[in-house]
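> Sharing a structure below in structure tokens format, with a few things to ask.
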Amino acid sequence: AWHGCTARTSCNGNDVLVSSSPDGVTWTPPVRATNGRNASIPAIGAGPGGRVGVVYYVVRAGGIDAEFAESRNRGTSWGAPQRLNTLTMRTRWLPDTSGGRMLADYVSLTYPGGRPLAVWALASEPTRAGRLSQAIFATRL
């Protein structure tokens, strides 16, 4: 899974794209796991019975949200995304670096016991002293 705009007629945002291979040499054409979102930093996981899921961030003008989307047919089609966080992460809460605001890439997805478990990072409003605050969450879906 990766993020990119190649599946769009104009490159006005990224989708999460997924491809599969039986041998690591031949690959299927990319399929959109998301559509119409500006998705970034995806993680992919596979579960029993053809389940495939992705966890990713959606970057909007108002901030950043973590989302999960799942396919139940080996990635052929994808269900509606589920938002994981209740509070949108404001970009001003992220560390400011020489390359701009830094979004954590600490995302993962696994299927322990056959159910998806998403791990993702969420920044909170900095303290009055200016200390940044970021936590790692695990969400069982």
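The values are calculated or read from the model by the stated rules, or taken from the named source; none is laboratory data. For clarity, every value in this text was computed on a predicted model and none was experimentally measured. Cβ: placed from backbone, ideal geometry, glycine included. Neighbour counts: every protein chain shown. Just the protein is used for accessible areas: all its heavy atoms, side chains included, with ligands, DNA and RNA removed. Shrake-Rupley method; radii C 1.70, N 1.55, O 1.52, S 1.80 Å.
> With +1 on each Lys and Arg Cβ and -1 on each Asp and Glu Cβ, how big is the dipole of the stretch 32-105 about its Cα centre, in debye rounded to the nearest 20?
The calculation lands at about 180 debye.
> Could you give the dipole magnitude of the chain about its Cα centre, charging the beta-carbon of Lys and Arg +1 and that of Asp and Glu -1, in debye to the nearest 20?
So the dipole magnitude of the chain works out to roughly 320 debye.
> I'd like the Karplus ³J(HN,Hα) series for the stretch 23-40: coefficients 6.51, -1.76, 1.60, θ = phi - 60°, whole numbers in Hz, and an x wherever there's a Gly or Pro.
My calculation for the stretch 23-40 gives 9, x, 10, 9, 10, 6, x, x, 10, 6, 8, 10, 8, x, 10, 9, 8, 8 Hz in order.
> So how exposed is T6, as accessible area in Å² (1.4 Å probe, rounded to 10)?
Counting only protein heavy atoms, T6 exposes about 120 Å² to solvent.
> List the residues whose amide H sits under 5 Å from the amide H of N14, counting only those 5 or more places along or on another chain, with H placed 1.01 Å from N in the peptide plane.
Amide H to amide H, under 5 Å and 5 or more residues apart or across chains, N14 pairs with A39.
> Follow-up. Order I136, I44, I64 by their accessible area, 1.4 angstrom probe, all chains in place, largest first.
Final ranking, largest accessible area leading: I136, I44, I64.
> Taking square-rooted eigenvalues a ≥ b ≥ c of the alpha carbon gyration tensor, is the stretch 1-77 rounded, prolate or oblate, where a/c under 1.5 means rounded and, failing that, a/b exceeding b/c means prolate?
It comes out oblate by the Cα gyration axes.
> Enter the accessible area per residue of the chain (Å², integer; probe 1.4 Å; all protein chains in place).
Per-residue value: 57 Å².
> What residue among V54, V16, V107 shows peak mean-square fluctuation when the chain is described by a Gaussian network model with Cα springs under 10 Å?
Fluctuation is largest for V107.
> With a 10 Å cut-off between alpha carbons and a GNM built on the chain, which of G49, G13, G24 moves the most?
Ranking G49, G13, G24 by mean-square fluctuation puts G24 first.
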